[in-house]
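Beneath this line is the structure, given in structure tokens, with notes to follow.
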């Protein structure tokens, strides 16, 4: 199919994105619309074959893996590298300018980002993971519950007297900033600087603006790391500093990268999932009634919603270090590869009736929303805890809460690399 023909297909307003993807063939352009309706597109790609070619919103070209068994297998295939330091630097296809937001492109180019644990292969990844994992043990996460509940209650108190509120702006955004800052031991006066930097990174209209946002985060965190060296406390950043300086087990750039990774993943992942969970629960009054009647159902509900509409879209990035066969088809050496966890979580061969939200689904916990293999998310347990408490406590505080607008008026955006609602207006009483 010629570029001109593809352009006509993508511009046809009467067709859904999934219909246009089916008509256009490959490569599928995962543009701005994709954020609003990704799952029908994933279904088209799953039915078409084990791998598909796509063009990302920032202009990068990639191969995408969408079937559950293939995604799980690829997470364990060390020929698919996570290392940004060894990967070719991404650039827009055909020399075209990247379409905003370009935070993902910036993160894949940045040197400090390249030293994040998530962007490393063994043995470096193995070394860093061993140093970080103890801070996210079940015992430590459970001990954080009172702090999470306090932060959720404090955040809710700021809008409790209002009739209508945007839960993204008033709750889903400030809550993870407050929690991540307390987790890392960052003072409250830094909250605004963090929020501005992260929003600039993900919402930047060009590479320069997004890079400026990332650089501002580096400056703030570097200053806080220096402060922890002089004034250690009982927080994660102090622990990381201690680990780094103990026999030089972590380089300075790795320490900064670890702090940035914790802040970014916690902020965007929690923000996206608090909004997503609240939206889907409000869309299913029967599910809300179940949770209010029996709060012990919340862990199962979290697993199912993370399966049904997890935040990571389209998935985890890898780089093929050699030609790799997936489902009988070949991904060429040097290609950017996306392991689409969100597509895999809607694979009907693994999850019957995958487009149905079912809190009684027996295998919901088999979802891959947190990745897999040696890169399974270190903070998965904590993320489920924070989101579960944030959602559950809000439902208890405002049991009659309901959407203030029609669902079709809401907009979902792809950021870095999470998908979430831009706003969620609700009537509280």
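The numbers here are math on the coordinates, done by the rules we state, and not lab data. Every value quoted in this text rests on a predicted model; they were computed, and no experiment measured them. With ideal geometry, Cβ positions are generated from the backbone for all residues, glycine too; neighbour counts draw on all protein chains shown.
The table that follows gives values for the structure above.
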quantity: Ranking of 413, 82, 272, 252 by count of other Cβ atoms within 10 Å, fewest first; calculated: 252, 413, 82, 272
quantity: Residue with peak Gaussian network fluctuation, the chain [Cα springs, cutoff 10 Å], from 373, 388, 114; calculated: 373
quantity: Over the range 251-317: Kirkwood hydrodynamic radius from C-alpha pairwise inverse distances, Å; calculated: 13.8
quantity: Computed lengthening from residue 296 to residue 76, 0.36 nm per intervening residue step minus Cα-Cα distance; calculated: 75.9 nm
quantity: Pair residue 246, residue 396: separation of 7 Å Cα→Cβ label points (nm); calculated: 3.6
quantity: Net length gained if the chain between residue 127 and residue 199 were fully extended (0.36 nm per residue, minus Cα distance); calculated: 22.8 nm
quantity: Choice from 150, 108, 205 showing the highest fluctuation, given a GNM over the chain with Cα pairs closer than 10 Å; calculated: 150
quantity: Sorted by Cβ neighbour density within 10 Å, fewest at the top, the residues 281, 225; calculated: 225, 281
quantity: Proxy reagent accessibility, fewest Cβ within 10 Å first, across 43, 333; calculated: 333, 43
quantity: Sequence ranges 301-311, 153-163, ranked by mean other-Cβ count within 10 angstrom, highest first; calculated: 301-311, 153-163
quantity: Principal axes of the chain: Cα extent on each, largest first, Å; calculated: 59, 54, 40
quantity: Antiparallel bridges, percent of DSSP beta bridges restricted to the chain (to nearest 5); calculated: 80
quantity: Cα-based Rg of the range 266-393 normalised by 2.2 N^0.38 Å, two decimals; calculated: 1.17
quantity: Three-way shape label, the range 339-378, alpha-carbon gyration tensor, a/c 1.5; calculated: prolate
quantity: Separation of the residue 429 and residue 333 label points, Cα + 7 Å toward Cβ, nm; calculated: 6.8
quantity: Residue 366 versus residue 411: modelled label distance in nm, points set 7 Å from Cα along the beta carbon direction; calculated: 3.8
quantity: GNM top mover of 368, 71, 141 - the chain, alpha-carbon springs below 10 Å; calculated: 141
